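Structure first, then comments.
The values are calculated or read from the model by the stated rules, or taken from the named source; none is laboratory data. Bear in mind the structure is a predicted one, so any value in this text is a computation, not a measurement. When we count neighbours, we look across all protein chains shown, and the Cβ atoms used for this are built from the backbone with ideal geometry, even at glycine. The accessibility values were calculated without ligands, DNA or RNA, using every heavy atom of the protein model including side chains. Shrake-Rupley method; radii C 1.70, N 1.55, O 1.52, S 1.80 Å.
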Amino acid sequence: MVVSFDHLQRTSSSFLDRACDWRPVAYNYAVKPLLEAENLTKHYGATIALESVSFQVYEGITGLLGPNGAGKSTTIKLFLGLIRPTSGSARVLGEEPYETIEGRARLGYMPEYEALPSSVTASEFLMHMAQVSGLPPSQARTRAADILRHVGLDEERYRQIGQYSTGMKQRVKLAQALVHDPVLVLLDEPTAGLDPGGREEMLGLIRRIGREFGISMVLSTHLMGDIERTADRVILLEDGHIAQEGAVAQFTQETEDLHIEVDDHRHEVIAALTRRGVETKEQGAVMVVEGADDAVYDAIRDAVAEADARLRRLALRRHTLTEIFQDRKSHATSG
Amino acid sequence: MQPQGEVYNLGYQRYDGPREGRRRARRAIFENGVRTVLGLGRGPRAKVIPALLFLGAIVPALIFVIILSVAGSSAGFIPGPSDYYQVISIILLLFGAISAPELLCSDRRDNVIHLYLVRPLTPTDYLLGRFLAFFTIVLALAYSGQIILQAGLILSASAPWEYIQDNWTDIPRFLGAGFLMALFITAVPLAVASFTDRRAYAAAFVIGLFIISTGVADGLTSTEDCREVSRPDGSTEVACNSGDRAVTGEAAQWFSLISIRDVPVRINDMIFGTENETPSIKAAAGLHASIPIALYVLFTAGPVLVLWLRYRRIRA
């Protein structure tokens, strides 16, 4: 497609310029929350799925993390307007989705389970879903082709979906959630059922959609690795309550432990460090030095030079979300 | 010469075109329903059954027209507009039983219904779109045969204009009767399809329902074979043979209503004001006109209500 400079400027403009044209007055989602839960409660009979949960989701990628039964799917269904809360409110772009369905035109949803017709082509399916989201047929055709290219199915788009691999089907599911250019996409366990390679590709795609496409996402998952690799913020749900929330970086702060990786002569490096009074632990191919100070850095420099080793990495180790979970569990057990 | 450059932006493009909301969503469901039934946008196998059934509904009219063009209006066995729906009702019922469930079953089996319901669309919008899609196709099928037949009858008449003047009431009649038949043929299979994810089960159930109910009605009801017989003394009397029928008399009239296939045919006969020789229909000829009407309403409004109740609370 040939585009003018003006068009390029327009397409790369900030979120502030993109008005939600389904509303008479644009909802300024650069400053207002995209999602807002206020004392959100959902009971299924005697079962409590969510209990008085309050949080806000702004632009960016937000992880909704928790074990099975924590209330993640219920939260997503409430924001999609598929169920009504027992009490409290769930707002999407300022409106309660179970009261009005028009706002769904700017929401995308990728379910966890398979939800694709097997006998139609990806191109035909995406064109149809774009129209069901309100786009006229000619624009729906263009959008379907564009999105299939972005998710890497450009050459496969005229094949029946039933002939696709699991990874390709997962990408079609993601594509149908994006085809109408939503403001926000809700992803439910997007890496479920994928092999390690497929998982990496999907996470890369999610990062790209969030960073390059500028589409905000809520990623519901029980896999902490998925959140660490993609999300800016995380909301941790446990037994229908919010256990913790904040920026992912805040949870994965640097520790005082130093990670050292060398390409060769590892044992010589360890021996040289020991001679200098620096104790090291081996974790696979990584050497860990606890409580590093300036003197330790000097010792490492000298030890690597003495062993004639090639230094690959020298960095402070970061906490992982897994450790935070393990800490929470051990506190709960000891308490 | 200054080189001319072009900027190709292969990055993500935001969409700032029109968004037509729920209106477009409903229309998309309707159009997709029509394409699904006709097998458009699908493989060749998906087109075979609709094509065969479509031909089956139109070919009788074409054959009658060919006969009319050869033998002229003297060909006495050519059915008129009042009989045509009965001739093709079997094909239309088969078409409904086989094709209608595909509209609902596959969406539920493949979970695509869940993707619809998170878009600006209610379950009622979805159902209405699917219902109208199938209704439109059945209606087009019913009308096209009638239009071909009407054209044949008019053109083969010795005085076409006089034929039109004498028979113009056939047109609103076949339009009305076709509308009501299409409504029935859409409602019953779709209601059955709302109970299963498997198209084959729904189709088998609907076909079984039509065949068994008609068989039971025909088997139970008596169309007494009466004729005048001569006595030895030269006088005559009317002798009736009930054969092996299980039920005779007034009870037979009520049992004949079991035949679900006859429900729209009775309405067709009422609209055209004709008598039907089909045993199960003939047996109920003595019943008050409100009974077939009530039965028709029951078998169209009932399935529509069932459909709505089944989908009202469907959730992703």
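Just a few scattered comments:
- Hits in the stretch B:134-172 (condition: modelled with pLDDT under 95, hydroxyl-bearing (Ser, Thr, Tyr) and under 16 Å from B:ALA57 (Cα atoms)): B:TYR143, B:SER144
- If the condition is being polar (S, T, N, Q) and surrounded by fewer than 18 Cβ atoms within 10 Å (Cβ to Cβ), then the stretch B:24-65 contributes no residue at all.
- Among the residues of the stretch B:60-82, none qualifies, meaning not one is without any contact (Cβ under 8 Å) to a residue 12 or more places away in the chain and within 14 Å of chain A (Cβ to nearest Cβ).
- The condition of being surrounded by fewer than 19 Cβ atoms within 10 Å (Cβ to Cβ), touching a strand residue (DSSP E or B) at 6+ places or on another chain (Cβ under 8 Å) and at pLDDT 90 or above holds for only one of A:HIS241, A:HIS259, that being A:HIS241.
- The set of residues from the stretch A:40-55 being surrounded by 13 or more Cβ atoms within 10 Å (Cβ to Cβ) and more than 15 Å from A:ILE76 (Cα to Cα) comprises A:ILE48, A:SER52.
- Listed by first and then second residue, the pairs with beta-carbon distance under 8 Å, at least 6 apart or on different chains, first residue in the stretch B:10-25 and closer than 24 Å to B:THR122 by Cα and at the interface with chain A (Cβ under 7 Å from one of its Cβ atoms), second among the hydrophobic types (A, V, I, L, M, F, W, C) and not in a loop (DSSP other than H, G, I, E, B), are B:ARG19/A:ALA105; B:GLY21/A:ALA105; B:ARG24/A:VAL132; B:ALA25/A:VAL132.
- Of all residues in the stretch A:128-175, those satisfying the criterion of being in contact (Cβ under 8 Å) with a residue 24 or more places away in the chain, assigned to a helix (DSSP H, G or I) and within 24 Å of B:LEU38 (Cα to Cα) are A:MET129, A:ALA130, A:ALA140, A:ALA144, A:ILE161, A:GLY162.
- Filter result for the condition that a residue is within 13 Å of chain B (Cβ to nearest Cβ) and either closer than 19 Å to B:LEU117 by Cβ or β-branched (Val, Ile, Thr) (or both), over A:ALA145, A:ALA130, A:ALA122: A:ALA130
- Count of the stretch A:56-68 residues which are open to solvent by 10 Å² or more (accessible area, probe 1.4 Å) and either part of a loop (DSSP other than H, G, I, E, B) or not polar (S, T, N, Q) (or both): 5
- If you filter the stretch A:69-92 down to residues that are open to solvent by less than 20 Å² (accessible area, probe 1.4 Å) and in a loop (DSSP other than H, G, I, E, B), you find that the one that is nearest to the other protein chains (Cβ to nearest Cβ) is A:LEU82.
- Among the residues of the stretch A:97-118, those identified as within 7 Å of chain B (Cβ to nearest Cβ) and surrounded by fewer than 19 Cβ atoms within 10 Å (Cβ to Cβ) are A:GLU102, A:TYR113, A:GLU114, A:SER118.
- Residue in the stretch B:108-130 that is farthest from the other protein chains (Cβ to nearest Cβ), counting only those that are assigned to a helix (DSSP H, G or I), buried (at least 23 other Cβ atoms within 10 Å of the Cβ) and not hydroxyl-bearing (Ser, Thr, Tyr): B:ARG130
- Filter pass, B:PHE30 being within 13 Å of chain A (Cβ to nearest Cβ) and in a helix (DSSP H, G or I): yes
- Cross-chain or 6+ apart pairs with Cβ under 6 Å, the stretch B:132-149 first and under 11 Å from B:MET181 (Cβ atoms) and open to solvent by 10 Å² or more (accessible area, probe 1.4 Å), then small (Gly, Ala, Ser) and at pLDDT 90 or above: B:PHE135/B:ALA182; B:LEU139/B:ALA182; B:TYR143/B:GLY178
- The criterion of at least 1 residues that are of a type outside the set (Asp, Glu), over 30 Å from A:TYR109 (Cβ atoms) and free of Cβ contacts under 8 Å to residues at least 60 places away in the same chain is met, among strands (runs of 3 or more DSSP E) falling completely within the stretch A:177-294, by A:254-262, A:281-283, A:286-289.
- Residue match in the stretch B:173-194 (condition: of a type in the set (Val, Ile, Thr), at pLDDT 90 or above, open to solvent by 40 Å² or more (accessible area, probe 1.4 Å) and over 17 Å from B:VAL265 (Cα atoms)): no
- The number of residues in the stretch B:22-54 being at pLDDT 90 or above and over 22 Å from B:ALA140 (Cα atoms) comes to 4.
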